[in-house]
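Following: one structure in structure tokens, then a few remarks.
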Protein chains: 2
Amino acid sequence: MAATESTKDRLHGTLDALVLKTLSWGPRHGYAVARWLEDTTQNAIQIEEGSLYPALYRMERKGWIEAEWGTSELGRKAKFYKLTTRGKRQLKLETTEWAEFAQAVSVVLVPTA
Amino acid sequence: MAATESTKDRLHGTLDALVLKTLSWGPRHGYAVARWLEDTTQNAIQIEEGSLYPALYRMERKGWIEAEWGTSELGRKAKFYKLTTRGKRQLKLETTEWAEFAQAVSVVLVPTA
DNA sequence: GCGGGATACTTAGACTGTCAAGGTATTAAA
DNA sequence: TTTAATACCTTGACAGTCTAAGTATCCCGC
């Protein structure tokens, strides 16, 4: 509700890159990934759990990340994900693509120049 | 194929703004909208017809644009769309949202600053 | 005058990724 | 003992994109 209805749609095809980038700072469990993204973007980006966990499984299947059970900072059971080599490559690729796409959209939407 | 598979996904929730913006320069028919966007972005943004026309119908239903049959520059029957007042408002809104979203994503992906 | 290519619109169907909303379990605080 | 925060998981719905196929017109070259 807070963010406008359509804001969510924009995550399409970008969520993966955001999660990969978050993990590039070191292993984290899912919940922490979501918190970190919200904090870092001052809630501009909010990730629903129903989007996050499926995304993590997806990326694990693709070999971009690896999971391992551990203990969270607060002493709770948690699954820690870490970036693989392929994940790093993928992150690099998606970052470039995002930059190009964002640039193109900006050219259209804000052409005042 | 040319653009990576995920590039397309990024259009999600952005296509409307792009089309509205295109029409803000004056009425155009669908085909011309697609051409203009491709030209302006040097093919970084490619719009499939199966996405474009449904998007136009959707926005017409929402009252953001209005259609009128006319004749194209090449003397062919074509449906010209023009922005309504509500469409202009919507464009403004989506432009702002896009800027915020893109900013947030950039903060995450390119934090080197 | 005939075929091919660009123009221009339409629609059906599949797919994918996000979301909402529910659930489990543990821990700490109230 | 009840509440809230942490942490994970799952189901089902939905929306918007894509692929792919079709219609029709017009122009050009041969």
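The values are calculated or read from the model by the stated rules, or taken from the named source; none is laboratory data. Computed from a prediction, not measured in an experiment: that's the story for all the values here. With ideal geometry, Cβ positions are generated from the backbone for all residues, glycine too; neighbour counts draw on all protein chains shown. Side chains included, ligands, DNA and RNA excluded: accessible areas come from the protein's heavy atoms. Shrake-Rupley method; radii C 1.70, N 1.55, O 1.52, S 1.80 Å.
Checking the structure you have, find out if any residue of the stretch A:84-99 is among the small types (G, A, S) and more than 18 Å from A:A55 (Cβ to Cβ). Checked the stretch A:84-99: at least one residue is among the small types (G, A, S) and more than 18 Å from A:A55 (Cβ to Cβ).
Yes/no matrix, rows are residues, columns are (1) basic (K, R); (2) modelled with pLDDT of 95 or more; (3) within 25 Å of A:D9 (Cα to Cα):
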{"site": "A:N43", "(1), (2), (3)": "no, no, yes"}
{"site": "A:P54", "(1), (2), (3)": "no, yes, yes"}
{"site": "A:R58", "(1), (2), (3)": "yes, yes, yes"}
{"site": "A:W64", "(1), (2), (3)": "no, yes, yes"}
{"site": "A:A67", "(1), (2), (3)": "no, yes, no"}
{"site": "A:T71", "(1), (2), (3)": "no, no, no"}
{"site": "A:L74", "(1), (2), (3)": "no, no, no"}
{"site": "A:F80", "(1), (2), (3)": "no, yes, no"}
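Only one of the numbered conditions (1) within 23 Å of B:V110 (Cα to Cα); (2) out of contact with any strand residue (DSSP E or B) (no Cβ under 8 Å at 6 or more places or on another chain) is not met by A:L74, and that is (1). Scoring A:G75 on the criteria (1) within 16 Å of DNA strand D (Cβ to nearest atom); (2) not in a loop (DSSP other than H, G, I, E, B) leaves a single failure, condition (2). Looking across the stretch B:9-24, the residues that are assigned to a helix (DSSP H, G or I) and more than 13 Å from DNA strand C (Cβ to nearest atom) come down to B:L15, B:D16, B:A17, B:L18, B:L20, B:K21. Report, by residue number, each residue of the stretch A:11-36 that is open to solvent by 70 Å² or more (accessible area, probe 1.4 Å), within 18 Å of A:G87 (Cβ to Cβ) and touching a residue at least 24 places away in the same chain (Cβ under 8 Å). Passing the criteria: only A:P27. Restricting the stretch A:61-113 to residues that are among the hydrophobic types (A, V, I, L, M, F, W, C) and touching a residue at least 40 places away in the same chain (Cβ under 8 Å) leaves a set whose member that is most open to solvent (accessible area, probe 1.4 Å) is A:F80. What pairs come out if I take residues in the stretch A:37-57 that are open to solvent by 70 Å² or more (accessible area, probe 1.4 Å) and pair them with residues that are among the charged types (D, E, K, R) whose C-beta lies under 7 Å away, six or more apart or interchain? Close Cβ pairs (under 7 Å, with a partner that is among the charged types (D, E, K, R)) amount to A:Q46/A:E38.
Residue-level analysis places B:G30 outside the set of residues that are more than 30 Å from A:E97 (Cα to Cα), modelled with pLDDT of 95 or more and in contact with a helix residue (DSSP H, G or I) (Cβ under 6 Å, 6 or more places away or on another chain).
Specify which of the listed residues (A:T85, A:T40) is of a type outside the set (A, V, I, L, M), within 10 Å of chain B (Cβ to nearest Cβ) and away from DNA strand C (no atom under 12 Å from the Cβ). Residue meeting the stated conditions: A:T40.
Looking at the structure I just gave you, is B:T4 closer than 30 Å to A:L91 by Cβ, surrounded by fewer than 19 Cβ atoms within 10 Å (Cβ to Cβ) and either at pLDDT 95 or above or more than 7 Å from DNA strand D (Cβ to nearest atom) (or both)? Walk me through it before giving the result.
Values: closer than 30 Å to A:L91 by Cβ: yes; surrounded by fewer than 19 Cβ atoms within 10 Å (Cβ to Cβ): yes; either at pLDDT 95 or above or more than 7 Å from DNA strand D (Cβ to nearest atom) (or both): yes.
It is true that B:T4 is closer than 30 Å to A:L91 by Cβ, surrounded by fewer than 19 Cβ atoms within 10 Å (Cβ to Cβ) and either at pLDDT 95 or above or more than 7 Å from DNA strand D (Cβ to nearest atom) (or both).
Scan the stretch A:23-37 for residues that are within 11 Å of chain B (Cβ to nearest Cβ) and over 16 Å from B:L109 (Cβ atoms) and the total you get is 0.
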